[in-house]
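Notes follow the structure.
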Amino acid sequence: MQAYIARRLLALVPTLLFVSLIVFVSMRLIPGDVIDLMLAQNDIATGQDRARIEAALGLDQPVYVQYFTWLGNVVTGDFGRSLWNNVPVTEQLLATMPITFELGFLALIVALTVALPIGVYSAIRQDTAGDYIARSFSLVMLAVPGFWLGTLVMVFPSVWWRWAPELEYTPFLEDPIKNIQHLIVPAILLGLSMSAVTMRMTRTMMLEVLRQDYIRTARAKGVGEALLILRHALRNGLIPVVTLIGLQAPLLIGGAVIFEQIFVVPGMGLLLLEAVFQRDYPVVSGVFLVAGASILLINLVVDLSYGWLDPKVRHQ
Amino acid sequence: MDTNLTGPLLDVQDLSVSFRTDRGIVRAVDGVSFHVDAGETLAIVGESGSGKSVTALSLLRLLDAAGSIDSGRVLFDGENLLDLDARAIRSIRGDRIAMIFQEPMSSLNPVLTIGKQVAEPIRLHRGTPWQDALREAERLLDHSRIPDAPARLKDYPHQFSGGMRQRTMIAMALACRPKLIIADEPTTALDVTVQAQILALLKELTREADSALILITHDLGVVARYADRVAVMYAGRIVETANARDLYGEPRHPYTQGLMASIPGVEGSIGHRLKTIDGQPPDLARLPPGCAFAPRCERATGACREATPALEPAGNGRLAACIRL
């Protein structure tokens, strides 16, 4: 088991290298570099200034030299400094990461609390009105873009009821209730968009499991419906659903960019968005590395959870 | 009902079951009646599609959503199981009537331990604490000759062979000392060498527990060794019932005779062609008028194709459904 985990962790390295390379190159391919943006804010700057700034930021060197210098620093844990405000990227990541993870975690809880019961219900009551309503709801959630839904939630309640979602961030440790009040709306929206696929998968898997011989065996033993679902069916049906949750991890990060922007959550998504606009190369690279590593780690945890769900995997 | 004390343990009367299929409603079981006395072993024999498994599942109302019981009564200890509400039938399943299924590979839950699955009916019907139910499960598994039962309690089904899984199913069925066990082709999926062991075990343990047994099979060799009485099914109907010995000594219905003739014998069988019944089992969606066996029957006449023959006494307490007898 430890050997397996070690192997999986080692496999992260080439993937992350690849991610960093793509991000490094693509950022420099976007028209308008960081020096142009800096000079645009200062009318009296001259060509000489440009060369001086480039040299100061290390951008006068060939791109591959920049990449390897940066990579060498990352290996020692130094992600560099922001080109704009000279704050260490590590510091910025440490400040924003927990916020995004909290948002993602809350969204995941919302997604599961919505998707699992409705998916199970839909399967037990297959082809009834309730099933159709649940499936239509999931289709709508699949189709509606998050940014549009987020905007609606921002605008309409304030027009109708003079109520607006909380937009001021409070650290969790300072005031947990205020913190949740702020994050709960984006978490619900993000969770609902995630729940659509999970719900459909839960429904499909439950239908599949409920047809199995061992369910009939359980019925023949006198097991009641509730116990039949909870003890005999759910765990069997959950294995692919858990895989899906792992596969949806990128959606959490991607969704965070949108919802953090709309609801002014100072997380990694917002940091990334601003960094991209300002061509703040080290910050963008740092965020992508952390996000990439998180997604890979989530999927590792998912793979490990099979062992708990499926005894066959455990014994291999 | 005043027949509780004197009547049979299980009395199935005029049971009809149909299925909704793509090709319309198909009647899988058509007016089947039989009874089982306490402690007795009744074999229900027939080809695939003859309705024997559907009959078995109907007794405990375990048909899937496509199947429905159209008519009939299933009197168990004088109580009609078909009239009971969901809760009442659940309290009988696994307690007073237990079932063993055909596929040991898929009939056990892959994510629950063997011990838990065997202990479950005890916990459900007796309210025994898990700890004690598991101890009882250990005893039952040991009794079903699972080697090293205490250690295997925590195993999962995939760690068991087919034969051991079927032993587990038997242990599970016996957990609450049921009055009736329904075994639906319990050995069909097993190796031939294991089949005999499992059947012998099943027979021994049911006798020990004083349970009646309905043994559903397509294997007449099994019937000969283990059954007291036999009901032969064809196209959803019972065509002949008799004591096992009588049926073997002198099969009356032409279908039963055909089945008997197609059993491979030991002596002189090499080089001899196995006798078969010509034709195919009928399509239940398109049953011929009259006797369903008539198209394959050597003795059929025009009259056979006109009316469905009723099950009538044919001497020696046996019943047969054939107008040519």
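Tabulated values for the structure
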| read-out | value |
| --- | --- |
| Chain A: calculated mean residue ellipticity at 222 nm from DSSP helix runs of at least 4, using -39500 (n - 2.57) | -25500 deg cm²/dmol |
| Residue mean of other protein chain beta carbons inside 10 Å, A:226-233 | 2 |
| Two-decimal ratio, the range B:94-206, of alpha-carbon radius of gyration to 2.2 N^0.38 Å | 0.96 |
| Proxy reagent accessibility, fewest Cβ within 10 Å first, across A:Trp308, A:Trp84 | A:Trp308, A:Trp84 |
| Rounded to the nearest 20 debye, dipole of the protein assembly as shown from Cβ charges on Lys, Arg, Asp, Glu | 1260 |
| Extension gain from B:Arg324 to B:Arg87, taking 0.36 nm per residue of separation minus the Cα-Cα distance | 80.6 nm |
| Percent of Cα pairs exceeding the 21 Å cut-off, where the set is the range A:1-151 | 69 |
| Cα-centre dipole for the range A:195-316 with unit charges at Cβ (Lys and Arg positive, Asp and Glu negative), debye to 20 | 740 |
| Flagged links, alpha-carbon separation over 26 Å, of A:Lys312/B:Lys179; B:Lys52/B:Lys116; A:Lys312/B:Lys203; B:Lys52/B:Lys179; A:Lys221/A:Lys312; A:Lys221/B:Lys179 | A:Lys312/B:Lys179; B:Lys52/B:Lys116; A:Lys312/B:Lys203 |
| B:Asp70-B:Arg245 pseudo-label distance in nm [points 7 Å out on the Cα-to-Cβ vector] | 3.9 |
| Given charges at beta-carbon only (K, R positive; D, E negative), |dipole| of the range B:30-184 in Debye | 560 |
| Equivalent ellipsoid semi-axes - Cα gyration tensor, the range B:2-66, angstrom | 26, 13, 10 |
| Values of log10 I(q)/I(0), in the order q = 0.19, 0.23 Å⁻¹, for the range A:238-316 under a Debye, Cα-only, solvent-free model | -0.81, -1.00 |
| Ascending count of other beta-carbon atoms within 10 Å, so fewest first, for B:Ser68, B:Ser58 | B:Ser68, B:Ser58 |
| Label-to-label distance, nm, for residues given as B:Asp283 and A:Ala129 (7 Å Cα→Cβ offset) | 4.0 |
| Burial order of peptide ranges B:202-210, A:235-243 (average beta-carbon count within 10 Å, highest first) | A:235-243, B:202-210 |
| Mean projected area in nm² (Cα convex hull; one quarter of hull surface) for chain B | 18.5 |
| Angle in degrees between helix A:281-309 and the longest Cα principal axis of chain A, rounded to the nearest 10 | 20 |
| Stokes-Einstein D in µm²/s, Kirkwood radius over Cα pairs - the protein assembly as shown at 25 °C with 0.890 mPa s viscosity | 81 |
| With Cα atoms, 0 to 90° folded angle of helix B:192-209 axis to chain B main axis | 70 |
| Distance-filtered residues of the range A:171-203 - backbone nitrogen under 15 Å, label point 7 angstrom along A:Trp148 Cα→Cβ | A:193 |
| Cβ-based exposure ranking for B:Tyr156, A:Tyr281, A:Tyr132, B:Tyr255, in which fewest neighbours within 10 Å come first | A:Tyr132, B:Tyr156, A:Tyr281, B:Tyr255 |
| Kirkwood Rh in Å, taken over the range A:111-163 so that all alpha-carbon pairs contribute | 12.8 |
| Value in Å of the Kirkwood radius, where the range A:1-59 supplies the Cα pairs that are averaged | 14.7 |
| Estimated D of the range A:148-256 in µm² per second, where Rh is the Kirkwood radius over Cα pairs and Stokes-Einstein applies at 4 °C, 1.567 mPa s | 76 |
| Inter-chain Cβ neighbour average for residues B:83-94, partner chain, 10 Å | 2 |
| Inter-chain Cβ neighbour average for residues B:103-109, partner chain, 10 Å | 5 |
| Extent along principal axes [Cα atoms of chain A; Å; largest to smallest] | 86, 58, 37 |
| Charge-dipole axis of chain A as Lys and Arg at +1 and Asp and Glu at -1 on Cβ define it, positive-most pick from A:Leu234, A:Phe79, A:Leu189 | A:Leu234 |
| For chain B, calculated [θ]222 nm from helices alone, where every DSSP H run of n ≥ 4 adds -39500 (n - 2.57) | -9000 deg cm²/dmol |
| Alpha-carbon Rg with Dmax, taken over the range A:51-138, Å | 24.5, 71 |
| Isotropic mean projected area of the C-alpha convex hull, the range B:6-162 (nm²) | 11.3 |
| All-pairs Cα distance distribution in the range B:196-302, expressed in whole percent, bin size 10 Å | 12, 38, 33, 15, 3, 0 |
| On Cα atoms only, tilt of A:47-57 relative to the major axis of chain A in degrees | 50 |
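Coordinate-derived values only; no laboratory data. The structure displayed is predicted, hence computed values, not measured ones. Every residue, glycine as well, gets a Cβ built from its backbone with ideal geometry; the counts of neighbours run over all protein chains shown.
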